[in-house]
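Chemist: Below is a structure I'd like to ask you about.
Rule-based calculations on the coordinates, nothing more; no lab input. Just so it is clear, the structure is predicted and the values come from calculations on it, not from any experiment. Every residue, glycine as well, gets a Cβ built from its backbone with ideal geometry; the counts of neighbours run over all protein chains shown.
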Amino acid sequence: MARRQRSQPAATPPPIAPRRPFVGEFVLWGCCGYMVLALCGFALLRTAAATRSGNELSADRALFMAVNAATLTGFQTTIRPSDLDLAGQWALLGLMCAAALLTLLVGGAAARRILRLDFTDRHVAAAAAAFCFGGITIGSALLGASGQPILAALMQSAAALGNCGIVAGDLPGYATWESLLVLLPLVVLGGLGLPVAMQLFFLCWKHQPLTHHGRTTLAMSAGVYVAGTSLILLLQWASATPGTLVDHAALASASALNSRSAGLPFGELAALARPAQWVVLLLMVIGAGSAGTGGGLKVTAIYELFRGALRAYRGLAPTRTFAIAAAWAGTYAAIAAGVLALLLLMQPEMRDDRLLFLAISAVSNVGLSHDTVQIVGGGLNVLVAAMLLGRIAPLLVMLWMLNRVEDADVVVA
């Protein structure tokens, strides 16, 4: 009688790796969100209700102004917000608020997953809304108490928190209490990024320690500020520019903060000596913190590049985070070089150093320039593309980190 064969248990299929939520869709939709905001702003600014009779915006000017607000860049143009009708000024304010909220929401949610933080998407959404509208409300209340009209106070607070240079009304000087206690602190908060702001909140509320990303962002931001202020002060003093030491110190401090990357039109750029302006250019490249309203390379990217170089010097293998940071730095340099080349081709009458300043300011979403932007035609469209790339490219780098890095301790874009 044939021996019965023992039935073998069915092989267990390999477990299917769970699909990581929010890996790409929300980030990509966020990139599209800037396009939608720019198109909505363009349509609003082209209406008769947004402009005053005889001061209508051309199509290229309306597009530039819309992208200028939607990307939180804030270049100063020949048409100021106060030159628009009331509906146009409210449209610019709405664009800045929506862009700041979109930036904080998408960047914060992506950074939460990259860093594996103990927050939920609801926490991020609530924090982004509270951070954005709470900061604008408190800032505008303080500015309104100093005599600013309500719309001007709202726009100045939104510009400071959003690291955008579009303001209405008379902006206080960089050495006044309004700037020192309201505008510049809002600039710093917006530049730190939503994850760091949330960690600081939980540090004070529940005594939760900061992550490596939070400590690095705070330390690098403070270090860059101190180094930038000291270098600008030294160059101002060495250049024998008029003013006392206190005046030079106030100017250097405001320039070191404003160039990373608020670009508020304090007018301090004209007061800086020529060597100090190159320090401002370098600070614009460095930028602010990740997942915030600031632009530039980001201080954490600079940190990771130095850390990776130190690892290589010690004979250690580079990390994937370092490779992404290096690729992001190379991409930034390529975009800036391309923008500069196109501007040199289309604006041969402008000085090369001024065009370099414009190119870096656009790609870093700073909005600082020596004069109001009077470029027309193709050169204006180049700046529009540069501002959009400067805002969208960091989100794509964060998407890259989401998909490729499992053990990141800093976000490099």
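Chemist: Per DSSP helix of 4 or more residues, -39500 (n - 2.57); summed, then divided by the residues of the chain. What does that give at 222 nm, rounded to the nearest 500?
Modeler: Value at 222 nm, helices only, nearest 500: -21000 deg cm²/dmol.
Chemist: Normalised by the number of residues in the chain, what is the relative contact order in percent for Cα pairs under 8 Å and 6+ residues apart?
Modeler: Answer for the chain is 21 percent.
Chemist: Normalised radius of gyration for the chain, please: alpha carbon Rg relative to 2.2 N^0.38 Å, two decimal places.
Modeler: 1.07
Chemist: Here's something else I'd like to know. Can you list which of the DSSP-assigned H helices in the chain have a Cα extent of 20 Å or more along the long axis and an average Kyte-Doolittle score of at least 0.5?
Modeler: Qualifying helices: 25-45, 86-115, 121-145, 212-238, 299-313, 320-346, 378-404.
Chemist: Among the trypsin sites (Lys or Arg not before Pro) in the range 320-376, which ones are in a DSSP loop with at most 10 other Cβ atoms within 10 Å of the Cβ? Mind listing them?
Modeler: 351
Chemist: Treating only the Cβ atoms of Lys and Arg (+1) and Asp and Glu (-1) as charged, compute the dipole magnitude of the range 25-404 about its Cα centre; round to the nearest 20 debye.
Modeler: Dipole magnitude for the range 25-404 comes out near 1260 debye.
Chemist: Using a 7 Å offset from the Cα along the Cα-to-Cβ direction at both residue 226 and residue 150, what is the distance between the two label points in nm, to one decimal?
Modeler: Here the answer is 4.4 nm between the modelled labels.
Chemist: In which sequence would 213, 248, 207 go, from the one with the fewest C-beta neighbours within 10 Å to the one with the most?
Modeler: Final ranking by Cβ density, sparse to dense: 207, 248, 213.
Chemist: Right, here's the next one. How big, in percent, is the set of alpha carbon pairs in the range 239-284 lying more than 18 Å apart?
Modeler: Values: 191 of 1035 pairs.
Pairs farther apart than 18 Å: 18 percent.
Chemist: Also, I was wondering about something else. Which longest run of the chain has no exposed loop site in it, a site being GluC sites (Glu not before Pro) in a DSSP loop with at most 13 other beta carbons within 10 Å, and the site itself not part of the run? Working shown, then result.
Modeler: Numbers: sites that count: 349, 406.
For GluC sites (Glu not before Pro) (loop position, at most 13 other Cβ atoms within 10 Å), the longest site-free span of the chain is 1-348.
Chemist: Then there is this: Put +1 on the Cβ of each Lys and Arg and -1 on the Cβ of each Asp and Glu in the range 25-404; which of 299, 216, 93 then has its Cα farthest toward the positive end of the dipole?
Modeler: Value: 216.
Chemist: At a 10 Å Cβ-Cβ cut-off, how would you order 363, 188, 280, 410, fewest neighbours first?
Modeler: Sorted ascending by nearby Cβ count, the order is 188, 280, 410, 363.
Chemist: Between residue 320 and residue 385, take the C-beta separation as r, use R0 = 30 Å, and let me know the FRET efficiency to the nearest 0.05.
Modeler: For R0 = 30 Å, the calculated efficiency reads 0.50.
Chemist: Say the dipole of the range 249-367 comes from +1 at the beta carbon of Lys and Arg and -1 at that of Asp and Glu; which of 262, 347, 325 then lies farthest toward its positive end?
Modeler: Selected residue: 325.
Chemist: At residue 210 and residue 141, where each label point lies 7 Å from the Cα along Cα→Cβ, what is the point-to-point distance in nanometres?
Modeler: Between residue 210 and residue 141, the simple spin-label model gives 2.7 nm.
Chemist: What is the distance, in nm, between label points placed 7 Å from the Cα along the Cα-to-Cβ direction at residue 56 and at residue 237?
Modeler: 5.7 nm
Chemist: Right, here's the next one. Within 10 Å of each candidate Cβ there may be at most 14 other Cβ atoms; applying that plus a DSSP loop requirement, which trypsin sites (Lys or Arg not before Pro) in the range 72-129 survive?
Modeler: Details: sites: 112, 113, 116, 122; in loops: 116.
Answer in residue order: 116.
Chemist: Report the one residue of 244, 64, 144 whose Cα lies farthest in the direction of the positive end of the charge dipole of the chain (charges on C-beta: Lys and Arg +1, Asp and Glu -1; origin at the Cα centre).
Modeler: Comparing the listed Cα positions along the dipole, 64 ranks first.
Chemist: For the residues 226, 285, 405, what sequence is obtained by ranking on other C-beta atoms within 10 Å, fewest first? Please list the in-between numbers first.
Modeler: On the way: 226 12, 285 21, 405 17.
So the ranking, lowest neighbour count to highest, is 226, 405, 285.
Chemist: Okay, moving on. Please give the length that would be gained between residue 406 and residue 374 if that part of the chain were fully extended, namely 0.36 nm times their separation in residues minus their C-alpha to C-alpha distance (nm, one decimal).
Modeler: 6.9 nm
Chemist: Treating only the Cβ atoms of Lys and Arg (+1) and Asp and Glu (-1) as charged, compute the dipole magnitude of the range 235-323 about its Cα centre; round to the nearest 20 debye. Write down the numbers at each step before the final one.
Modeler: Values: 7 positive and 3 negative charges, 105 e Å.
It works out to roughly 500 debye.
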